[in-house]
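Heads up, the thing below is written out as structure tokens.
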Amino acid sequence: MKRSFIREILESIDEHTISFAGGLPSEKLFPIEDIKTASMKIFDNPKVFQYGVSNGIADLREKIALRYTKEGFPTNKNNILITTGSQQGMYILAKYFESKDITIEEPSYLGAMNIFRLNHLNMKGVKLENNGVDIEKFKESFKETKLAYLIPDFQNPSARTYCDEKREQIARIVSEENGILIEDSPYSELFFDKKNVSISVKIPKNSFHLGSFSKTLVPSLRIGWIRADEELLKSLMIIKESIDLHSCGISQYILNEYLKDEEKYEKHLQDIRDDYEKKANFFCEQLDKYLPEFKYEKPKGGMFLYGSFEGIDSFALVQKCIEKKVVYVPGNQFYIDKVPNGEIRFNYTHSSFEQIEQGIKLIKSCL
């Protein structure tokens, strides 16, 4: 088992390095004063410091459930399991399905792939096309595995989004085979145009829907969740309790207090979307200006831009870039076999406009 290339990169760089590597949100957009206010309001309550229930505090689960219901996905608090970030949610599910076969997109999220390897899941890759996985190949694979892991909204790493037709087709395949879909959805609120309807809404008894506040609020609270049928969640509770009894109570109470003002949170989300769209557009402009040979698709949301050079090993190139104090994630890290290729994932949300231009210039110099 190897460590995540991205985590190793983040530890090896210094404050002078321009990083397009990690999926880091913009620190300038953290609602620090609002979180301070929420924190001060909860600390007079001694229950905040006590052990809590394993599935998460009821009020917070109700608030998350209500957001689903308002979007046309009927949900109550018993359909929600609070986790220590969605990464823990992924681990709980991988432990539950340990040693099974699983269908995944290629390229796919490196963090999930490492968890699957750790829990001995046998990954079967299906090519990700512009508007979702190759449906015929997915159907063929899913008939064998009965289990799939997909990121339909602004996928990590490719930034691609599934079209409505493919969402319908996947839901139908999962239902017909009576299998399970793990739908990872940390970026669904970071849309530039519209929010898409989840696949899970069509198959609520055959899906686990993962969400997180790390990309929309602040990562360090480490609060994510799994939305699933109540009976499905019961099986996960045993695993959750064996890991940490319950996720951080203080973080949950702070978040619950903050979310009482729904309008404030919605405004915060819109501020993030506006800022990220400007940065995505600017990143594209700089690529066109300094690296016209880099072929990519313009993001419609999320935190990443993905593309490729022809005839260049992006893993070898990043070693040169590190020397020049700029980093990204080479595309081979997102494939099961990790064969070198010319693909690159850029994160555009954490850097300033000046860093974006300077970083792309430095990559140009390394070519």
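Tabulated data
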read-out: Among residues of segment 216-254, those that are in contact with a Pro (Cβ under 9 Å, 6 or more places away or on another chain) and not in a loop (DSSP other than H, G, I, E, B), counted; value: 4
read-out: Test: Arg273 is open to solvent by less than 40 Å² (accessible area, probe 1.4 Å) and assigned to a helix (DSSP H, G or I); value: yes
read-out: Residue within segment 144-156 that is open to solvent by 40 Å² or more (accessible area, probe 1.4 Å), within 23 Å of Tyr306 (Cα to Cα) and among the acidic types (Asp, Glu) present; value: no
read-out: Tally, over segment 51-71, of residues that are within 13 Å of Gly249 (Cα to Cα), among the small types (Gly, Ala, Ser) and in a helix (DSSP H, G or I); value: 1
read-out: Matching residues in segment 333-358 - criterion: being within 24 Å of the chain's Cα centre (by Cα), under 23 Å from Tyr276 (Cα atoms) and not hydrophobic (A, V, I, L, M, F, W, C); value: Glu343, Arg345, Asn347, Tyr348, Thr349, His350, Ser351, Ser352, Gln355
read-out: Selected residue (only one of Gln319, Gln333 is among the polar types (S, T, N, Q), in contact with a helix residue (DSSP H, G or I) (Cβ under 6 Å, 6 or more places away or on another chain), part of a helix (DSSP H, G or I) and at pLDDT below 95); value: Gln333
read-out: Neighbours by Cβ (under 6 Å, 6+ apart or cross-chain): first from segment 277-301, touching a residue at least 12 places away in the same chain (Cβ under 8 Å); second open to solvent by 70 Å² or more (accessible area, probe 1.4 Å) and part of a helix (DSSP H, G or I); value: Phe282/Phe353; Tyr290/Lys361; Tyr290/Lys364; Leu291/Lys364
read-out: Residues within segment 213-260 that are open to solvent by 40 Å² or more (accessible area, probe 1.4 Å), within 29 Å of Asp275 (Cα to Cα) and of a type in the set (Ser, Thr, Tyr), tallied; value: 2
read-out: Any hit, segment 74-91, residues being open to solvent by 20 Å² or more (accessible area, probe 1.4 Å), part of a loop (DSSP other than H, G, I, E, B) and under 18 Å from Ala148 (Cα atoms); value: no
read-out: Qualifying residues in segment 159-184 (those that are open to solvent by less than 40 Å² (accessible area, probe 1.4 Å), in a loop (DSSP other than H, G, I, E, B) and touching a helix residue (DSSP H, G or I) at 6+ places or on another chain (Cβ under 8 Å)) - the one farthest from Gln88 (Cα to Cα); value: Tyr162
read-out: Qualifying residue in segment 103-122 (condition: surrounded by 23 or more Cβ atoms within 10 Å (Cβ to Cβ), among the hydroxyl-bearing types (Ser, Thr, Tyr) and assigned to a helix (DSSP H, G or I)); value: no
read-out: Criterion violated by Leu362 - all others in (1) within 14 Å of Phe282 (Cβ to Cβ); (2) assigned to a helix (DSSP H, G or I) satisfied; value: (1)
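Okay, residues lined up against (1) open to solvent by 70 Å² or more (accessible area, probe 1.4 Å); (2) among the hydrophobic types (A, V, I, L, M, F, W, C); (3) touching a His at 6+ places or on another chain (Cβ under 6 Å):
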position	(1), (2), (3)
Gly301	no, no, no
Gly307	no, no, no
Glu323	yes, no, no
Val326	no, yes, no
Ile336	no, yes, no
Phe346	no, yes, no
Phe353	yes, yes, no
Glu357	no, no, no
Ile360	no, yes, no
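The values are calculated or read from the model by the stated rules, or taken from the named source; none is laboratory data. Everything numeric in this text was worked out from a predicted model, so none of it was measured. Positions of Cβ are backbone-derived with ideal geometry, glycine not excepted, and every protein chain shown enters the neighbour counts. In case anyone asks, the SASA skips ligands and DNA or RNA and just uses the protein heavy atoms, side chains included. Shrake-Rupley method; radii C 1.70, N 1.55, O 1.52, S 1.80 Å.
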